[in-house]
1. Considering every residue within the stretch 117-127, establish whether at least one is closer than 25 Å to L232 by Cβ, touching a Ser or Thr at 6+ places or on another chain (Cβ under 7 Å) and at pLDDT 95 or above.
2. List pairs: first in the stretch 237-251 and more than 10 Å from I111 (Cα to Cα), second open to solvent by less than 30 Å² (accessible area, probe 1.4 Å) and modelled with pLDDT under 95, Cβ under 8 Å, 6+ apart or cross-chain?
3. Within the stretch 67-84, work out how many residues are in a helix (DSSP H, G or I), within 14 Å of the ligand (Cβ to nearest atom) and either within 17 Å of T190 (Cα to Cα) or open to solvent by 20 Å² or more (accessible area, probe 1.4 Å) (or both).
4. So which of D63, D107 ends up being within 12 Å of the ligand (Cβ to nearest atom), in a loop (DSSP other than H, G, I, E, B) and of a type outside the set (F, W, Y)?
5. Can you tell which of S185, S246, S192 is away from the ligand (no atom under 16 Å from the Cβ), open to solvent by 10 Å² or more (accessible area, probe 1.4 Å), within 30 Å of G53 (Cβ to Cβ) and under 21 Å from the mean Cα position of the chain (by Cα)?
6. Given the conditions (1) open to solvent by less than 10 Å² (accessible area, probe 1.4 Å); (2) more than 12 Å from the ligand (Cβ to nearest atom), which single one is not true for I10?
7. Among the candidates V303, V254, V283, single out the residue that is among the aliphatic types (A, V, I, L, M) and within 15 Å of H222 (Cα to Cα).
8. Examine the stretch 117-134 for a residue that is touching a helix residue (DSSP H, G or I) at 6+ places or on another chain (Cβ under 7 Å), of a type outside the set (S, T, Y) and open to solvent by 40 Å² or more (accessible area, probe 1.4 Å), and state whether such a residue exists.
Amino acid sequence: MTAETTKVLIVGATGYIGGSILAEILHSPGFASPCASALIRRPEQAAALETLGVKPIQFKGLDDLDACRDAASYHDVVINAASASHDRSAKALIEGLSLRRQNTGKDVFMIHTSGTSILGDHPYTGTPQTHKIWSDMTNEVFQMEITHPERYGQRVTDVTVVETGQKLGVKTFIVVPPTIYGEGSGPFATLSQQIPNLARFARKLGSAAVIESGQGIWNHVHISDLSRFYVLLLRAVLEQPPWLPSGPKAIFFVESGEHTWKQVSQGIAHAMHKQNLLATTQVESVGLHEAATHITAGNENLVEITLASNARARADFARSKLGWSTSRGDEDFLNHFEAEIASMEEEFKE
Ligand SMILES: NC(=O)c1ccc[n+]([C@@H]2O[C@H](COP(=O)([O-])OP(=O)(O)OC[C@H]3O[C@@H](n4cnc5c(N)ncnc54)[C@H](OP(=O)(O)O)[C@@H]3O)[C@@H](O)[C@H]2O)c1
């Protein structure tokens, strides 16, 4: 299958990750823009996508399963970057791809976006797993997901993606990003999630906050490096080299280093103080209950997994097989906070 003729559907193209993937595809040699479509729910976003040469397909949202299935059935590849925890739409997209395979007799592929919170431990309400570092080549990530005692939406969705793909003959690939930083390059949303969420919380509190001790360790990746990974993966998916796994063995990490949550809070404190958004560079420790009240609508489990846990992985497949690398290291992440806070300027004026 060639990049020129492959029909690619992006779900979540108006978002931070999906928009940046779209931009990267459009800038990559060999991908003709009429081959890309985007499933969108807001009609006012259609014109901007058409200007880029992308075909907008209107739907009511991810719960509109018939529309998801139908749109996918006209495409060879679906890149899903809308929701890591909406299992029903992920399943419907794969069902649509399998119809495409029946109609064309050609292979079809689903590239789904998850997140490293699937690895997250419970350092404050359970047993910390500070030293566990997952490899996407030597550890059985899917086995962990399928046997995990705790029901968590992103793991449930990953399992649904793999099992539906296996059942219907659709090759699946799951990308598992950690904390993503940097300005997105898509046509609409350009802000990430975790650091902006903690910055909003700091603004409410009047000082930067760290949840509990902040000793939990996560990985990070710049959005440009992540988007590059998706396009390298997309090329490999289309070429199908013998070393490319799919299904349960194709759950891939992308990272350029590690940070603690305390380092994140300190970075936010200094950047917001410098930009006169906080009166102090002090970082205040808050409990799970208070953090959850402000950030995750009271869900303490979710705030612990997504903003206080240990979730450590190595992008072994990206580096050793896909030829992915980055010159950005931990210093780049630790020095990026001023830019990230500056990009929230409009929001903080309100
Ligand atoms: N950012 C990170 O650091 C990070 C890291 C790892 C994993 N993830 C996961 O990756 C996914 C995408 O993240 P993101 O940062 O790109 O989020 P985002 O900027 O909010 O983008 C989400 C995209 O999905 C669409 N979408 C969301 N819910 C929808 C629904 N119910 N119906 C139709 N469209 C829907 C949005 O459409 P609209 O424009 O119409 O809202 C948008 O295009 C999330 O599940 C997130 O948890 C994010």
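The values are calculated or read from the model by the stated rules, or taken from the named source; none is laboratory data. In this text the structure is predicted, and so the values were computed from the model without any measurement. Glycine also receives a Cβ, built like all others from the backbone with ideal geometry; neighbour counts cover every protein chain displayed. Note: areas computed on protein heavy atoms with side chains; ligands, DNA, RNA excluded. Shrake-Rupley method; radii C 1.70, N 1.55, O 1.52, S 1.80 Å.
1. Checked against the condition, which is being closer than 25 Å to L232 by Cβ, touching a Ser or Thr at 6+ places or on another chain (Cβ under 7 Å) and at pLDDT 95 or above, the stretch 117-127 yields at least one hit.
2. From the stretch 237-251, the pairs are L238/A3; L238/T6.
3. 1
4. D63
5. Just one listed residue meets the conditions, S246.
6. (2)
7. V254
8. The answer is no; no qualifying residue exists.
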